[in-house]
Amino acid sequence: MAGKVGFIGLGRMGQPMASNLQRKGFSLSVHDVRNQPVEALVALGAENGGSVAQVAKECKIIVTMLPGSPDVTATIMGPDGIAANAQPGTLVMDMSTIDPLTTDELATHLKAKDMILVDAPVGRLASHADAGESLFMVGAGDAQFAVVKPMLEAMGTAIYHCGPVGAGIRTKLINNFLAIASCQMNAEALSLAAAFGLDLDKTLDVIHGTTATNGQLKVNYATKVLTGDIEPGFTIDLAHKDLSLVVEAANAGRVPMPMAAVAREALSLARSGEFGLKDFSALLDHWCARAGLPKVRLPDASQQ
């Protein structure tokens, strides 16, 4: 078992992941800009780290789970951040979804201070994080992967060593492009089915019986928007951020991705209204509203 582990970033994904670590025998020092999730972890036995700098001074392994590239950069490279305060040999495992070039820059910065970066972004949904069933895509050397693997096993059920540092986040962008674009296509397809007056159950039976089906429709739609639950989960704002990362990374590599660009602009429309902070399955409600259609719900779902 590792010594005290720092965990910085206790959002919708980070809090349950940290909670699973604490429950499964890891000793945590936690920090977040909000008091409520810190207090919840302290109630489980974690220590309130107080600040990024203090966590960095006390822990040789530090996990970051933050909203985006600027947050991770400030937390690791800022004057009060990890690199300026941690001991040589410290391992930082960033689990955020950020620009791959930022991951490369952070790895270089930490290496110059005799520290190590592992990137291990998270797959699956917030409900999986709650249950300790997340999926992880890890970029690390073999020795570093061996260090972090027990922690990942405490938080998830599927762990993939994708290659050296940077391979994890690049794999995550491929995964999220497909997941988010599928979500947008599902919203359009079910809106059209509603306009046709089709029976939803029968339509879904047909889709799930062919190669047209997809995980977003079978898992996320089935448990979220189609039941009337559009609370996040994974917000449309964050989905838009991830598609922006995909498009920007593709542009940097001169790889044309027209469908990614169109999907991002479709989400731009959704987040310009009332849906930015709703679950990304709520794209269905957004497109139904734009078409003047009633909300699409399973027959036994409560109406919202």
Fill in: Matching entry among Val225, Val255, Val262 (being under 15 Å from Glu188 (Cβ atoms) and free of Cβ contacts under 8 Å to residues at least 12 places away in the same chain)
Val262
Worksheet, complete the sentence: By residue number, the members of the stretch 256-286 that are surrounded by fewer than 21 Cβ atoms within 10 Å (Cβ to Cβ), in a helix (DSSP H, G or I) and either hydroxyl-bearing (Ser, Thr, Tyr) or not assigned by TED's automatic domain parsing to the domain that holds Ala179 (or both) are Ser268
Worksheet item: Quick one: Gln303 ticks every box in (1) within 30 Å of Asp199 (Cβ to Cβ); (2) modelled with pLDDT under 95; (3) of a type outside the set (Val, Ile, Thr); (4) buried (at least 17 other Cβ atoms within 10 Å of the Cβ) bar one, so which box is it?
Response: (4)
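Looking at the structure I just gave you, is Ala86 surrounded by fewer than 17 Cβ atoms within 10 Å (Cβ to Cβ), farther than 30 Å from Ala222 by Cβ and free of Cβ contacts under 8 Å to residues at least 40 places away in the same chain? Reasoning before the result, please.
Numbers: surrounded by fewer than 17 Cβ atoms within 10 Å (Cβ to Cβ): no; farther than 30 Å from Ala222 by Cβ: yes; free of Cβ contacts under 8 Å to residues at least 40 places away in the same chain: yes.
Spelling it out, it is not the case that Ala86 is surrounded by fewer than 17 Cβ atoms within 10 Å (Cβ to Cβ), farther than 30 Å from Ala222 by Cβ and free of Cβ contacts under 8 Å to residues at least 40 places away in the same chain.
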Worksheet item: What is the number of the single condition among (1) assigned to a helix (DSSP H, G or I); (2) crowded, with 21+ Cβ neighbours inside 10 Å that Ile174 does not meet?
Response: (2)
Fill in: Verdict on Ala126 being more than 18 Å from the chain's Cα centre (by Cα) and either of a type in the set (A, V, I, L, M) or within 26 Å of Thr171 (Cα to Cα) (or both)
no
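So that you can scan it fast, the table gives a plain yes or no per residue for (1) aliphatic (A, V, I, L, M); (2) surrounded by 18 or more Cβ atoms within 10 Å (Cβ to Cβ); (3) in contact with a helix residue (DSSP H, G or I) (Cβ under 6 Å, 6 or more places away or on another chain); (4) modelled with pLDDT of 95 or more:
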{"position": "Leu190", "(1), (2), (3), (4)": "yes, yes, yes, yes"}
{"position": "Ala194", "(1), (2), (3), (4)": "yes, yes, no, yes"}
{"position": "Asn220", "(1), (2), (3), (4)": "no, yes, yes, no"}
{"position": "Phe234", "(1), (2), (3), (4)": "no, yes, yes, no"}
Fill in: Count - residues of the stretch 86-104 that are in contact with a Ser or Thr (Cβ under 8 Å, 6 or more places away or on another chain) and not hydrophobic (A, V, I, L, M, F, W, C)
4
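Name the residue that is nearest to Val118 (Cα to Cα), counting only residues in the stretch 144-171 that are touching a helix residue (DSSP H, G or I) at 6+ places or on another chain (Cβ under 6 Å) and part of a helix (DSSP H, G or I). Walk me through it before giving the result.
Of the stretch 144-171, the ones touching a helix residue (DSSP H, G or I) at 6+ places or on another chain (Cβ under 6 Å) are 154-155, 159, 161-162, 165-166, 169-170.
Those left that are additionally part of a helix (DSSP H, G or I): 154-155, 169-170.
On the way: Ala154: 17, Met155: 16, Ile169: 10, Arg170: 13 Å.
The extreme case among them is Ile169.
For the stretch 232-252, name all the residues that are without any contact (Cβ under 8 Å) to a residue 40 or more places away in the chain and either under 12 Å from Ile98 (Cα atoms) or of a type in the set (S, T, N, Q) (or both). Spell out the reasoning first.
Residues of the stretch 232-252 without any contact (Cβ under 8 Å) to a residue 40 or more places away in the chain: 240, 244, 247, 250-251.
Residues satisfying the conditions are Ser244, Asn251.
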Practice prompt. Starting from the stretch 193-220, keep only residues that are free of Cβ contacts under 8 Å to residues at least 60 places away in the same chain, then list their pairs with residues that are surrounded by 11 or more Cβ atoms within 10 Å (Cβ to Cβ) and in a loop (DSSP other than H, G, I, E, B) whose Cβ atoms are within a distance under 6 Å, requiring at least 6 positions of separation or different chains.
Written response: Ile207/Thr213
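With the requirement that a residue be touching a residue at least 24 places away in the same chain (Cβ under 8 Å) and either assigned to a loop (DSSP other than H, G, I, E, B) or in contact with a strand residue (DSSP E or B) (Cβ under 6 Å, 6 or more places away or on another chain) (or both), what does the stretch 28-47 give you? Walk me through how you get there before you give the answer.
At the first step, the residues of the stretch 28-47 found to be touching a residue at least 24 places away in the same chain (Cβ under 8 Å) are 28-32, 34, 37-38, 40-41, 44, 46-47.
Across the stretch 28-47, the qualifying residues are Leu28, Ser29, Val30, His31, Asp32, Arg34, Val38, Leu41, Leu44, Ala46, Glu47.
Only one of Asp229, Asp279, Asp205 is among the acidic types (Asp, Glu) and in contact with a Phe, Trp or Tyr (Cβ under 8 Å, 6 or more places away or on another chain). Can you tell me which? Break it down stepwise before answering.
Details: Asp229 fails: in contact with a Phe, Trp or Tyr (Cβ under 8 Å, 6 or more places away or on another chain); Asp205 fails: in contact with a Phe, Trp or Tyr (Cβ under 8 Å, 6 or more places away or on another chain).
Exactly one residue qualifies, and that residue is Asp279.
Taking the criterion of being surrounded by fewer than 18 Cβ atoms within 10 Å (Cβ to Cβ), closer than 19 Å to Ile82 by Cβ and more than 23 Å from the chain's Cα centre (by Cα), would at least one residue in the stretch 27-35 satisfy it? Show your work before the answer.
In the first step, residues of the stretch 27-35 are kept if they are surrounded by fewer than 18 Cβ atoms within 10 Å (Cβ to Cβ); the result is 27, 33-35.
Among the residues that remain, those that are also closer than 19 Å to Ile82 by Cβ are: 27, 33.
Restricting the remaining residues to those that are more than 23 Å from the chain's Cα centre (by Cα) gives 27.
Scanning the stretch 27-35, I find at least one residue that is surrounded by fewer than 18 Cβ atoms within 10 Å (Cβ to Cβ), closer than 19 Å to Ile82 by Cβ and more than 23 Å from the chain's Cα centre (by Cα), so the answer is yes.
The values are calculated or read from the model by the stated rules, or taken from the named source; none is laboratory data. This is a predicted model, so every value here is computed, not measured. Note that each Cβ is placed from the backbone with ideal geometry, even for glycine, and that neighbours are counted across all protein chains shown.
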